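Let me begin by presenting the structure, written as structure tokens, before commenting on it.
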Amino acid sequence: MSERVAIPTGRTIQFGEDEIIVSKTDLKSRITYANDVFVRVSGYTEAELIGARHSIMRHPAMPRCIYKLFWNTIESRREIFAYVLNLCKRGDEYWVFAHVTPSYDRSGAHIGYHSNRRTPHADALARVRPLYAQLLAEERRHADRTAGLQASSALLTQLLATQGVDYERFVFGLSASTALAAEAA
């Protein structure tokens, strides 16, 4: 399948708080399963998604260092929770709070990944967006993509260290503060 890259429109779409986007991939990130919510929100047909690399959804405003952290984590067979900005087929965007876990066959062999994505709370995104913008700006400051990735990864580590957290604790801190804010409302 030829993977087409959509041009961002700048329009943000939403999906329901009670909906979950689900996908499964093989070890090379080729989609092997897409639920109806994923199909509807992404704007792709199921036939277009199955066999495509999950990067078909990659939004150019997502820092590469977040993907590097993401892949380093799941390739080491650990789960990760992450905020991700995705790109629809028609160029619209949508944010997700993703939970990705490794998948195993009956014999215990690692065969791929399973991802559940929910709509994130606005107050969590209010903290994620500036961080991601800062990381992306650092990546773009470098003419060499590898140097940009290394610089943004170092910046992410530094910024999180000043808060005394790693990315996982940062993410769960946002989730906890969001839950507390919802309870107070």
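The values are calculated or read from the model by the stated rules, or taken from the named source; none is laboratory data. Predicted model, so just to flag it, every value in this text is computed and none were measured. Cβ placement follows ideal geometry from the backbone for every residue including glycine, while neighbour counts extend to all protein chains displayed. The protein model used for the area step is the full one, side chains on, heavy atoms only, and it has no ligands, DNA or RNA in it. Shrake-Rupley method; radii C 1.70, N 1.55, O 1.52, S 1.80 Å.
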Could you work out the helix-only [θ] at 222 nm for the chain, with each DSSP H run of four or more residues adding -39,500 (n - 2.57) and the total divided by the number of residues, to the nearest 500 deg cm²/dmol?
-13500 deg cm²/dmol
Work out from phi, with θ = phi - 60° and the Karplus expression 6.51 cos²θ - 1.76 cosθ + 1.60, the ³J(HN,Hα) of each residue of region 158-174, listed in order in whole Hz, and give x for Gly and Pro.
5, 4, 5, 4, 5, 8, x, 9, 9, 4, 4, 5, 4, 4, 5, x, 5
DSSP-loop GluC sites (Glu not before Pro) across region 8-56, with at most 16 other Cβ within 10 angstrom
Glu17
Calc'd 3J(HN,Hα), region 37-48, phi into Karplus 6.51 cos²θ - 1.76 cosθ + 1.60 (θ = phi - 60°), Hz, glycine/Pro = x, comes to 5, 4, 4, 5, 5, 5, x, 8, 7, 4, 4, 6
Just grab the label-to-label distance for Tyr104 and Ala133, each label 7 Å out from Cα along the Cβ direction, in nm (one decimal).
4.3
First measure r as the distance between the Cβ atoms of Val165 and Arg118, then evaluate 1/(1 + (r/R0)^6) with R0 = 25 Å and state the FRET efficiency to the nearest 0.05.
0.70
Is there a quick way to get the dipole size of the chain? I mean about its Cα centre, with the Cβ of Lys and Arg at +1 and of Asp and Glu at -1; what is the value in debye to the nearest 20?
500
If you plug each phi of region 124-135 into the Karplus form 6.51 cos²θ - 1.76 cosθ + 1.60 with θ = phi - 60°, what whole-Hz ³J(HN,Hα) values come out, in order, with x for Gly and Pro?
5, 5, 4, 8, 6, 3, x, 4, 5, 5, 5, 5
For the chain: accessible area per residue (Å², 1.4 Å)
54
Hey, got a sec? Which trypsin sites (Lys or Arg not before Pro) in region 1-82 land in a DSSP loop and have at most 14 other Cβ atoms within 10 Å?
Arg4, Arg11, Lys28, Arg77, Arg78
Residues with amide H under 5 Å of Ala52's amide H, sequence separation 5 or more or different chain, H placed in the peptide plane at 1.01 Å from N; which?
Ile31
Given H placed on each backbone N at 1.01 Å, which residues far from Arg58 in sequence or on other chains put an amide H within less than 5 Å of it?
Leu87
Cβ-derived FRET efficiency at R0 30 Å, Ile111 paired with Thr12, nearest 0.05
0.35
